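The values are calculated or read from the model by the stated rules, or taken from the named source; none is laboratory data. None of these values were measured; they are calculated from a predicted model. Cβ sites come from the backbone with ideal geometry, for glycine too, and all protein chains shown count toward neighbours.
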Amino acid sequence: MMNADNSPRQPYSTYNDWYSAQDKARLIAKSKEAENIFRKTGITFAVYGHADSSEKLIPFDLIPRIISGREWRKLAQGIEQRVIALNAFLDDIYHKQEIIKAGRVPRELIERNVAFLPQMIGFRPPGGVYTHIVGTDIVRTGEDQFYVLEDNARTPSGVSYMLENRETMMQMFPELFHQNRVRPVENYPYLLRHSLASLAPPGCEGKPRVAVLTPGIYNSAYYEHAFLADMMGVELVEGSDLRVIDGKVKMRTTRGYEAIDVLYRRVDDDYLDPLTFKPESALGIPGIMDVYRAGNITIANAPGTGICDDKAIYSYMPEIVEFYTGRKALLENVPTWRCSEDDSLKYVLENLADLVVKEVHGSGGYGMLVGPTASKKERAAFAEKLRARPANYIAQPTLSLSTVPILVNKGIAPRHVDLRPYVLVSDKVQIIPGGLTRVALKAGSLVVNSSQGGGTKDTWVLED
Amino acid sequence: MLGRTANGLYWMFRYIERAENSARLIDAGLRMSLTRSEATEDDWDGVLQSSGVRDIYDDLYEKLTSADAIDFLLRDRANPSSVMSCIDSGRNNARMVRTALTRETWEATNECWLDLKSTLSRRIRPADLPEVIDGIKRMTGLIRGAFHGTMLRNEIFNFSRIGTFIERADNTARILDVKYYVLLPAVSQVGSSIDNVQWESILRSVSAHRSYGWVYEAEYKPSNIADFLILNGRMPRSLAYCYDKIVSNLGYLAREYGEGHAAHATAEETLSSLRNHSIKDVMDQGLHEYIENFISHNNRLGQEISDGYRFN
């Protein structure tokens, strides 16, 4: 928030004037009020493995994270380039595989990858779009310096928090939105619905019917599934509501079975179709993949996109972006050591204390080692795991992440954050100005995941 | 609308209605034990039977005590009809049909659950019982108020109302089923004091002890009490009132969908029987048989609605 000389950075200057005039006790009280709003509304997530606290709140910090219009434009260009490259990459690996033939990405990394779906080979989804919704995780290390942490092309979550955080801020501090020209994020559900409907399959007759597919009320992101369906004005369906009839996916309504054209699915590939994937899955719709391949339903995001979330694939993103866009990547990757390579593994083992080590298929901050904060014993134990299955891991340096202020009992204090902007892909790429800022609430901590004690804040992109 | 959503709404409102009813039964039981010097555990036996959970109680407890019965009815999750179980299930259904509810209705339901989860996390001391029971009635009342004040009068509303009234009819009928013998004319035309307590308890368990006085000139008479609970179309917990509402809500659905189901005929048949009989006819036919018949028809109606509207 501050410049080196301790003056507020330009985008924060109006906010800083407002903040200085506030009664701090009132702000703390407002903070409690916000928590009550969230609890009452039921904006919760479930933490797996915590039986006693099946629904938790994500802590909300009421100081917004502010990004200047100029900085945002630069960031958005980089994200757009990256998302276009991801789609081109997916289309390529399921068709001609030119990137493999060109020797830029090793064949076994693609074809032996658990997230690579042979069922998608030779099939092109409606409109040629694989990743309808992307949430790119980004960190800022300094002025105009952004790094991409992860791509999240499978089923990025958290967008409901972006919307509720904004809603809460506007309710609590309407005056801030008069003083600052904050770009709106509220129309996300409309954009999402239109974006999905515009990619209806060839077999769609009449107005495309969209539905959100959820695993059900016990899923950790159920609140978000219900919220998005509600805001888009579409049905929220479970696998048990759906059945393949006459070559179409239909939902059981009080009037009989009715066809669905576009399914925004919030279940993993494995649970989509028990006939094609996990036979024991009770969540899926038997035969939906046949309907898909026959061009009678759009599945968003397309099955098989999860390969982009693989952290070993991530390490090739600079090559991937350049290969498909013909330009150098505008956004930088965090330097990444692939432990599958002998030299890298050696380096990683020698420098564990300075590195963050992650599982290639991991997510949610689980199964990772943060070298600088881990104990000697934890590092030794992790080194064993690394030696046993090196290809399962990648390592990255800890970046000197920029911090933003949060409200604590004594006033404000700096904490590390990341940013997940949301991107919609149809015949165009739309980036919502803002996104979800996740904040590590523990002083010094770099882990922002909500499952690991992270919080969120409203994210402002200013009009300038 | 999804069949599963209709099912969720129907059960959400059945459970909320049942929670309120369980609270009311406890209330009536407590009152009875206060009024009678020789209060017996039999009173709680009647309450457990009216709630339909006597068997489950016997599986879990060695003997019947008022303290255990109250705890069992209020907060035991092993009892599917306890207030806590009902609110859990009601709220789970509400979560499932969240997109069909207004924010106000959802929040009232969620707040009721949050509050009771903490209030009922430990045994309630006898001194605190009246306050807890009032709280339950107040919070379920808030759900109903939010629902009536904010919901669109469409199919969502109809399925919710049908759930409410099928449950309510079942509750009232069960109370009559357990207590029918104190309403039989043969027992006595002039109530002994014990009968008076029993009669008042029946009226209390349907929150009708005040309104009864207005309608029947404050005179306890078994046939009037039976008339009030079964046939009186103005009494909001009577079988006739419940069926009037069920038939009208099913009627809206039939008009909107352009077709009816077996459920429509069943509901109309029951309603016309309730409208066209006098309490004397009912007594002549046999009160107990009449009620048992009603309960089984009511269950059948629930099944026919579920089939007709593809709940599962």
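Below, the figures for the structure above:
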item: Complete set of residues in the range A:224-237 that are within 9 Å of another protein chain (Cβ to nearest Cβ) and buried (at least 20 other Cβ atoms within 10 Å of the Cβ); result: A:226, A:227, A:229, A:234, A:235, A:236, A:237
item: Subset of the range B:100-152 [farther than 22 Å from residue B:168 by Cα, within 14 Å of chain A (Cβ to nearest Cβ) and small (Gly, Ala, Ser)]; result: B:100, B:118, B:121
item: First in the range B:289-312 and within 14 Å of chain A (Cβ to nearest Cβ) and within 18 Å of residue B:165 (Cβ to Cβ), second anywhere and at pLDDT 95 or above and loosely packed, with under 15 Cβ neighbours inside 10 Å, Cβ under 6 Å, 6 or more apart; result: B:304/B:262
item: Wholly enclosed strands (runs of 3 or more DSSP E) of the range A:115-223 bearing at least 2 residues hydrophobic (A, V, I, L, M, F, W, C), at pLDDT 95 or above and surrounded by 20 or more Cβ atoms within 10 Å (Cβ to Cβ); result: A:133-135, A:210-213
item: Breaking point among (1) in a strand (DSSP E or B); (2) touching a residue at least 60 places away in the same chain (Cβ under 8 Å), for residue A:446; result: (1)
item: The range A:14-27, residues that are assigned to a helix (DSSP H, G or I) and surrounded by fewer than 15 Cβ atoms within 10 Å (Cβ to Cβ); result: A:17, A:18, A:20, A:24, A:25, A:26
item: Hey, residue A:267 of a type in the set (Val, Ile, Thr), buried (at least 17 other Cβ atoms within 10 Å of the Cβ) and closer than 26 Å to residue A:158 by Cβ or not; result: yes
item: Qualifying residue in the range B:247-265 (condition: surrounded by 15 or more Cβ atoms within 10 Å (Cβ to Cβ), in contact with a helix residue (DSSP H, G or I) (Cβ under 7 Å, 6 or more places away or on another chain) and within 24 Å of residue B:288 (Cβ to Cβ)); result: no
item: Yes/no for residue B:9 being within 14 Å of another protein chain (Cβ to nearest Cβ), modelled with pLDDT of 95 or more and either over 23 Å from residue B:134 (Cβ atoms) or within 19 Å of the chain's Cα centre (by Cα) (or both); result: yes
item: Hits in the range A:184-222 - residues which are under 18 Å from the mean Cα position of the chain (by Cα) and of a type in the set (Phe, Trp, Tyr); result: A:188, A:222
item: Single unsatisfied condition, residue A:244 versus (1) buried (at least 18 other Cβ atoms within 10 Å of the Cβ); (2) more than 19 Å from the chain's Cα centre (by Cα); (3) part of a loop (DSSP other than H, G, I, E, B); (4) more than 14 Å from chain B (Cβ to nearest Cβ); result: (3)
item: Whichever residue in the range A:28-46 is in a helix (DSSP H, G or I) and within 14 Å of chain B (Cβ to nearest Cβ) and, among such residues, is nearest to the chain's Cα centre (by Cα); result: A:38
item: Test: residue in the range B:92-99 that is part of a helix (DSSP H, G or I), surrounded by fewer than 23 Cβ atoms within 10 Å (Cβ to Cβ) and more than 14 Å from chain A (Cβ to nearest Cβ); result: no
item: Test: residue in the range A:268-281 that is more than 30 Å from residue A:382 (Cα to Cα), of a type outside the set (S, T, N, Q) and in contact with a strand residue (DSSP E or B) (Cβ under 6 Å, 6 or more places away or on another chain); result: no
item: Any chance residue B:86 is within 23 Å of residue B:207 (Cβ to Cβ) and within 14 Å of chain A (Cβ to nearest Cβ); result: no
item: Scope the range A:137-163; condition in contact with a Leu (Cβ under 6 Å, 6 or more places away or on another chain) and aliphatic (A, V, I, L, M); matching residues; result: A:138, A:139, A:148, A:153, A:162
item: Among residues of the range A:252-264, those that are more than 11 Å from chain B (Cβ to nearest Cβ) and not β-branched (Val, Ile, Thr), counted; result: 4
item: Odd one out for residue B:159, checked against (1) farther than 22 Å from residue B:74 by Cα; (2) away from chain A (no Cβ under 14 Å); result: (2)
item: Filter result for residue A:314 (closer than 27 Å to residue A:220 by Cα, in contact (Cβ under 8 Å) with a residue 40 or more places away in the chain, within 18 Å of the chain's Cα centre (by Cα) and within 14 Å of chain B (Cβ to nearest Cβ)); result: no
item: Selection count, the range A:374-397, where residues are surrounded by 15 or more Cβ atoms within 10 Å (Cβ to Cβ), touching a residue at least 24 places away in the same chain (Cβ under 8 Å) and outside any strand (DSSP E or B); result: 7
item: Residue among A:267, A:249 that alone is in contact with a Pro (Cβ under 6 Å, 6 or more places away or on another chain) and more than 9 Å from every other protein chain (Cβ to nearest Cβ); result: A:267
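Matching residues to (1) at negative phi; (2) buried (at least 22 other Cβ atoms within 10 Å of the Cβ); (3) in a helix (DSSP H, G or I):
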residue	(1), (2), (3)
B:15	yes, yes, yes
B:20	yes, yes, yes
B:33	yes, no, yes
B:59	yes, no, yes
B:78	yes, no, no
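Residues are listed down the side, and each one gets a yes or a no for (1) of a type outside the set (Phe, Trp, Tyr); (2) touching a helix residue (DSSP H, G or I) at 6+ places or on another chain (Cβ under 8 Å); (3) surrounded by fewer than 18 Cβ atoms within 10 Å (Cβ to Cβ):
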| residue | (1), (2), (3) |
| --- | --- |
| A:331 | yes, yes, no |
| A:334 | yes, no, no |
| A:339 | yes, yes, no |
| A:343 | yes, no, yes |
| A:350 | yes, no, yes |
| A:359 | yes, yes, yes |
